[in-house]
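Student: Below you'll find the structure I mean.
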Amino acid sequence: MADARKDLDALPKAELHLHVEGTLEPELAFELAERNGVDLPYASVEELRRQYDFEDLSSFLELYYATTAVLRGSADFEALTSAYLDRAAAQGLRHVDLFFDPQAHTVRGVPLTAVVEGVRAGLDAAREERGITSTLIMCFLRDRPVAEALELVDAAVAQPGLVDGVGLDSAEVGHPPGLFEEVFARARAAGLHVVAHAGEEAGPEYVREALDVLGVERVDHGIQCLRDPALVERLVRERMPLTVCPFSNVRLRVVGELADHPVLRMLEAGLVVTVNSDDPAYFGGYVGDNFRGLREALGLTDAQAETLARHAVDASFAGPGRRRELHAEINAWAAG
């Protein structure tokens with residue numbers, strides 16, 4: 001730990017696994033609830049925060065979807081996105097491939113265009129005011145009907161530029177990636193980026209399926225790959241990025257405590273791991289908090305932090321020129 005001296009919040013970062021709905025802090029939730037006439041089943045911000053003790057992924061998702069009810073119009077999504085970018089910018093965020101879950105809103109009667117317009121407005125403002133670049137990834141809820149995902153991907157394909165890519169998230173166990181083979185085939189044919197959650201709670205076979213059936217460019221989470229040495233060897237050989245979320249894994253009890261998290265062992269094994277915050281309002285911290293937590297719990301060194309940051313830049317969907325800029329910023333941090 002001797003060389004862990006640099007300011008980790010100043011380390012330029014790309015975040016690749018961030019659900020914008022998961023950045024809804026209790027204070028903003030109550031503000032939007034009042035604006036939109038929504039009754040939250042909690043008496044106060046403090047009571048809502050006390051609910052953030054999850055048994056597993058399913059218990060988290062129950063609360064997650066309950067609070068998203070306050071998001072009704074494009075202005076709400078702009079406020080949500082801007083609040084995330086303000087917090088993350090203070091912790092070194094320079095680029096984000098941002099996820100959103102359209103089905104969490106369209107089933108409530110919120111139009112897809114309202115969601116995208118609001119999120120894009122927040123992203124555009126951050127680019128102009130802070131120089132933070134971004135891409136937008138539309139994720140499908142794997143525990144919803146595949147037919148809904150097909151409708152959404154067709155809507156995206158019909159409106160070039162609406163989104164930059166697609167992903168797959170929500171309750172993993174019992175909903176293997178292969179169910180969405182046709183959805184992802186349509187997205188790839190249209191030139192959209194493709195990623196998927198796999199190997200968070202479910203086993204390494206889900207990671208293999210995401211690679212072989214969906215043709216993903218990145219695996220979101222992926223920590224269960226360690227149960228399959230042959231899969232680890234393949235991931236190293238193919239330089240397949242894994243978007244690991246340490247705080248999330250602990251809060252959802254996939255890992256017992258942060259000191260037990262395998263992220264540095266994965267890095268030492270040659271895996272292209274990155275550090276991300278997933279749903280930071282619910283899991284106790286944003287991207288810089290995750291880096292600092294790893295320093296405190298695992299002795300993350302400056303050199304390891306730099307490698308993790310470079311992995312994220314290389315695995316991001318930022319253009320080649322932007323990636324070069326971000327590497328130059330990391331060079332300056334390392335030399336400082």
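Student: Out of Glu172, Glu205, Glu151, I need the residue that is of a type in the set (Asp, Glu), farther than 18 Å from Pro111 by Cβ and free of Cβ contacts under 8 Å to residues at least 60 places away in the same chain. Which one? Before you say what the answer is, go through the steps one by one.
Tutor: Values: Glu172 fails: free of Cβ contacts under 8 Å to residues at least 60 places away in the same chain; Glu151 fails: farther than 18 Å from Pro111 by Cβ.
Within the list Glu172, Glu205, Glu151, the selection yields Glu205.
Student: Which residues, taken from segment 74-116, are part of a loop (DSSP other than H, G, I, E, B) and of a type in the set (S, T, N, Q)? Even if it seems obvious, please write down each step before you answer.
Tutor: Of segment 74-116, the ones part of a loop (DSSP other than H, G, I, E, B) are 90-92, 101-102, 107-111.
The one that is part of a loop (DSSP other than H, G, I, E, B) and of a type in the set (S, T, N, Q): Gln91.
Student: Can you confirm whether segment 47-62 contains a residue that is free of Cβ contacts under 8 Å to residues at least 24 places away in the same chain and aliphatic (A, V, I, L, M)? Full working, then the answer.
Tutor: Kept after step one, since they are free of Cβ contacts under 8 Å to residues at least 24 places away in the same chain, are these residues of segment 47-62: 47-51, 53, 59, 62.
Retained after the next criterion (residues that are aliphatic (A, V, I, L, M)): 48.
Checked segment 47-62: at least one residue is free of Cβ contacts under 8 Å to residues at least 24 places away in the same chain and aliphatic (A, V, I, L, M).
Student: A further question follows. Let me confirm something: among Phe60, Phe30, which residue is on the phi < 0 side of the Ramachandran plot, among the aromatic types (Phe, Trp, Tyr), buried (at least 19 other Cβ atoms within 10 Å of the Cβ) and assigned to a helix (DSSP H, G or I)?
Tutor: Values: Phe30 fails: buried (at least 19 other Cβ atoms within 10 Å of the Cβ).
One residue alone meets the criteria, Phe60.
Student: May I pose another question? Leu252: aliphatic (A, V, I, L, M), touching a residue at least 60 places away in the same chain (Cβ under 8 Å), out of contact with any His (no Cβ under 6 Å at 6 or more places or on another chain) and farther than 20 Å from Glu200 by Cβ, yes or no?
Tutor: No; evaluated as a whole, the condition is false for this residue.
Student: Mind listing just one residue for me: the one in segment 229-258 that is in a loop (DSSP other than H, G, I, E, B) and crowded, with 23+ Cβ neighbours inside 10 Å and, of those, modelled with the lowest pLDDT? Spell out how you get there, then give the answer.
Tutor: The first filter runs over segment 229-258 and keeps only residues in a loop (DSSP other than H, G, I, E, B), leaving 239-240, 245, 252-257.
After this cut, where a residue has to be crowded, with 23+ Cβ neighbours inside 10 Å as well, the list is 245, 252.
Working: Cys245: 98, Leu252: 94.
Going through the qualifying residues, I end up with Leu252.
Student: Of Glu148, Glu129, Glu181, Glu200, which residue is among the acidic types (Asp, Glu) and within 24 Å of Val250 (Cα to Cα)?
Tutor: Working: Glu148 fails: within 24 Å of Val250 (Cα to Cα); Glu129 fails: within 24 Å of Val250 (Cα to Cα); Glu181 fails: within 24 Å of Val250 (Cα to Cα).
Checking each option against the conditions leaves just Glu200.
Student: Given Ala121, Ala104, Ala114, which one is within 16 Å of Tyr64 (Cβ to Cβ) and among the small types (Gly, Ala, Ser)?
Tutor: Details: Ala121 fails: within 16 Å of Tyr64 (Cβ to Cβ); Ala114 fails: within 16 Å of Tyr64 (Cβ to Cβ).
On inspection, the qualifying residue turns out to be Ala104.
Student: Being over 25 Å from Glu148 (Cβ atoms), of a type outside the set (D, E, K, R), modelled with pLDDT of 95 or more and crowded, with 16+ Cβ neighbours inside 10 Å, is that true of even one residue in segment 96-113?
Tutor: Keep residues of segment 96-113 that are over 25 Å from Glu148 (Cβ atoms), which gives 96.
Going one step further and asking which of them are of a type outside the set (D, E, K, R), we end up with 96.
Filter once more, so that each one left must be modelled with pLDDT of 95 or more: 96.
Filter again for crowded, with 16+ Cβ neighbours inside 10 Å, leaving 96.
Within segment 96-113 (the criterion being over 25 Å from Glu148 (Cβ atoms), of a type outside the set (D, E, K, R), modelled with pLDDT of 95 or more and crowded, with 16+ Cβ neighbours inside 10 Å), the answer is yes, since at least one residue qualifies.
Student: Leu18: closer than 30 Å to Thr301 by Cα, surrounded by 14 or more Cβ atoms within 10 Å (Cβ to Cβ) and not acidic (Asp, Glu), yes or no?
Tutor: Here the answer is yes, as Leu18 does meet what is asked.
Student: Among the candidates Arg265, Arg323, single out the residue that is out of contact with any His (no Cβ under 6 Å at 6 or more places or on another chain), farther than 22 Å from Val232 by Cα and basic (Lys, Arg). Break it down into steps so the answer makes sense when it comes.
Tutor: Numbers: Arg265 fails: farther than 22 Å from Val232 by Cα.
Checking each option against the conditions leaves just Arg323.
Student: Evaluate the following for Ala281: is it at pLDDT 95 or above and within 17 Å of Val244 (Cβ to Cβ)?
Tutor: Working: at pLDDT 95 or above: yes; within 17 Å of Val244 (Cβ to Cβ): no.
For Ala281, the condition - at pLDDT 95 or above and within 17 Å of Val244 (Cβ to Cβ) - is not met.
Student: Just to be sure before I move on: is Gly92 in contact (Cβ under 8 Å) with a residue 12 or more places away in the chain and on the phi > 0 side of the Ramachandran plot in the structure I sent? First the steps, then the outcome.
Tutor: On the way: in contact (Cβ under 8 Å) with a residue 12 or more places away in the chain: yes; on the phi > 0 side of the Ramachandran plot: yes.
So Gly92 fits the description; yes.
The values are calculated or read from the model by the stated rules, or taken from the named source; none is laboratory data. Because the structure is a prediction, the values reported are computed rather than measured. Neighbour counts are summed over all protein chains in view; Cβ atoms, including those assigned to glycine, are modelled from backbone coordinates with ideal geometry.
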